[in-house]
Amino acid sequence: PLDNLVFNFSYTYTEGEEDSGADLEGIPHHQLGAGLQWDIYPKLHYNANLSFRGDEVIDIFATEPVFQIVRVENDSYAKLDMGLSYDLCESSSLHIRGENILDQDYLEVGFQSPGYIIFGGITIRFP
């Protein structure tokens, strides 16, 4: 049985425009998310999330030639994040997580993505 496996999926289609008739700033027409959570063993947990964000227009702060806000087309991208955690006991766990592990190059809220990132740590829960 798949009692230890959970899938999720979401899709959003947004149609709208600003008063000028231009596409809404920072709102793509298509967004998609898919996820998986798997309890490999009672203490070992895996998760993966895939997100897709369609083309959108965004405002960025440009410094060339003069300080100004410029509207640009932000290309669509897909981002994959994965994580693994291990329960040490009832109140603590170790975890490692990778974000943007496909190393996609994209803008988020007008800022350049940092590339792939690996996080690790310990979680301690107090009653």
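List of remarks:
- Surface exposure of the chain, expressed per residue as accessible area with a 1.4 Å probe, stands at 72 Å².
- Remark: relative contact order (the chain) = 18 percent; criterion is Cα-Cα distance under 8 angstrom and separation of 6 or more residues.
- Extension gain, residue 73-residue 9: 0.36 nm per intervening residue step, less the Cα-Cα distance, totals 20.4 nm.
- Rg ratio (alpha-carbon, reference 2.2 N^0.38 Å) - region 18-62: 1.92
- For the chain, built as a Gaussian network whose Cα springs stay under 10 Å, the top-fluctuating residue of 58, 96, 40: 40
- 10 Å Cβ shell holding at most 13 others, DSSP loop, trypsin sites (Lys or Arg not before Pro): longest site-free stretch of the chain: 44-124
- The label-point distance for residue 66 and residue 126, in a model that sets each label 7 Å from Cα toward Cβ, rounds to 5.5 nm.
- Between the residues 107, 37, 60, the greatest Cα displacement towards the positive end of the dipole of the chain, with unit charges on the Cβ of Lys, Arg, Asp and Glu, is found for 37.
- Taking chymotrypsin sites (Phe, Trp or Tyr not before Pro) across region 43-105, the ones in a DSSP loop with at most 13 further Cβ atoms lying within 10 angstrom of their Cβ are 67.
- In region 45-127, the GluC sites (Glu not before Pro) that fall in loop regions by DSSP, at most 10 other Cβ within 10 Å: 90
- Vicinal HN-Hα couplings computed from phi for region 120-125 (Karplus, 6.51 cos²θ - 1.76 cosθ + 1.60; Hz; Gly/Pro x): x, x, 10, 10, 10, 9
- Per the Debye formula on identical point scatterers at the alpha carbon atoms of region 1-123, with no solvent, log10 I(q)/I(0) at q = 0.13, 0.20 Å⁻¹ is -0.70, -1.12.
- Available extension along the chain between residue 41 and residue 117 is 24.8 nm, counting 0.36 nm per residue and deducting the alpha carbon span.
- Karplus (6.51, -1.76, 1.60) ³J(HN,Hα), θ = phi - 60°, over region 70-78, in Hz, Gly and Pro reported as x: 10, 8, 10, 8, 9, 5, 5, 7, 10
The values are calculated or read from the model by the stated rules, or taken from the named source; none is laboratory data. Because the structure is predicted, anything quoted here is derived from the model rather than measured. All Cβ positions, glycine included, derive from the backbone under ideal geometry; neighbour counts span all protein chains shown. Just the protein is used for accessible areas: all its heavy atoms, side chains included, with ligands, DNA and RNA removed. Shrake-Rupley method; radii C 1.70, N 1.55, O 1.52, S 1.80 Å.
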